[in-house]
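Q: Below are the structure tokens for one structure; questions will follow.
The values are calculated or read from the model by the stated rules, or taken from the named source; none is laboratory data. Just so we're clear, the structure is a prediction, and the values are computed from it rather than from any experiment. Cβ placement follows ideal geometry from the backbone for every residue including glycine, while neighbour counts extend to all protein chains displayed.
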């Protein structure tokens, strides 16, 4: 469905910060439809444990689409235990080539505590250059804030929380009700 036919869901900021042997993924809780806040406490960061292998995922975009992608990622991880990069690439390939998946409107940040990736529907599996990745409507604000703090004495969680606070002050589609998951290798 095109943007002209439906005003679209907005209201996500997800950030992943890797620092000091730890990766933190944080996401806000706001979901908006047009200019109306529909929900303020959505949980957009999840921990997956296929076969005892922990992965933390954050998603931006359509919730149903994101859940479809998380299920696909989980099955890819079950098929390639302990290989986040391979599972991510396989998901991105499917997403780009499968006619059903091509229509999904979402993005993912995934990490196993060592690797950190952004997965897009364009077939991209991107590893951030500066140990910070961000997606969603407030993603650029959170990314800029975290990049400014990454070399400070703050730990990964503090950088993520502070960056999300800055994004929520700037982006009307982002709130301060966070879900935060931490993972290390």
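Q: Quick test of your reading of the structure: residue 45 fulfils all but one of (1) farther than 26 Å from residue 172 by Cα; (2) surrounded by fewer than 24 Cβ atoms within 10 Å (Cβ to Cβ). Name the failing condition by number.
A: (1)
Q: Next question, about the same structure. Which pairs do you get when a residue that is more than 16 Å from residue 64 (Cα to Cα), found in the stretch 1-24, comes within reach of a residue that is modelled with pLDDT of 50 or more and exposed (fewer than 12 other Cβ atoms within 10 Å of the Cβ), reach meaning Cβ atoms under 8 angstrom, with the pair 6+ apart or on two chains?
A: 7/34; 21/185
Q: If residue 44 satisfies all but one of (1) in contact with a helix residue (DSSP H, G or I) (Cβ under 7 Å, 6 or more places away or on another chain); (2) touching a residue at least 60 places away in the same chain (Cβ under 8 Å), what's the number of the condition it fails?
A: (1)
Q: Tell me yes or no: at least one residue of the stretch 7-15 is at positive phi and either more than 17 Å from the chain's Cα centre (by Cα) or modelled with pLDDT of 85 or more (or both).
A: Yes, the stretch 7-15 has at least one match.
Q: Under 9 Å between Cβ atoms, at least 6 apart or on separate chains: pull out the pairs that start in the stretch 153-164 with a residue that is more than 11 Å from residue 26 (Cα to Cα) and end on any residue that is surrounded by fewer than 24 Cβ atoms within 10 Å (Cβ to Cβ).
A: 154/19; 154/162; 155/19; 155/20; 155/22
Q: I need the strands (runs of 3 or more DSSP E) fully contained in the stretch 61-174, keeping only those with at least 3 residues that are surrounded by fewer than 16 Cβ atoms within 10 Å (Cβ to Cβ) and at pLDDT 95 or above. Reasoning before the result, please.
A: Values: elements: 106-111, 116-119, 132-136.
Hits in the stretch 61-174: none.
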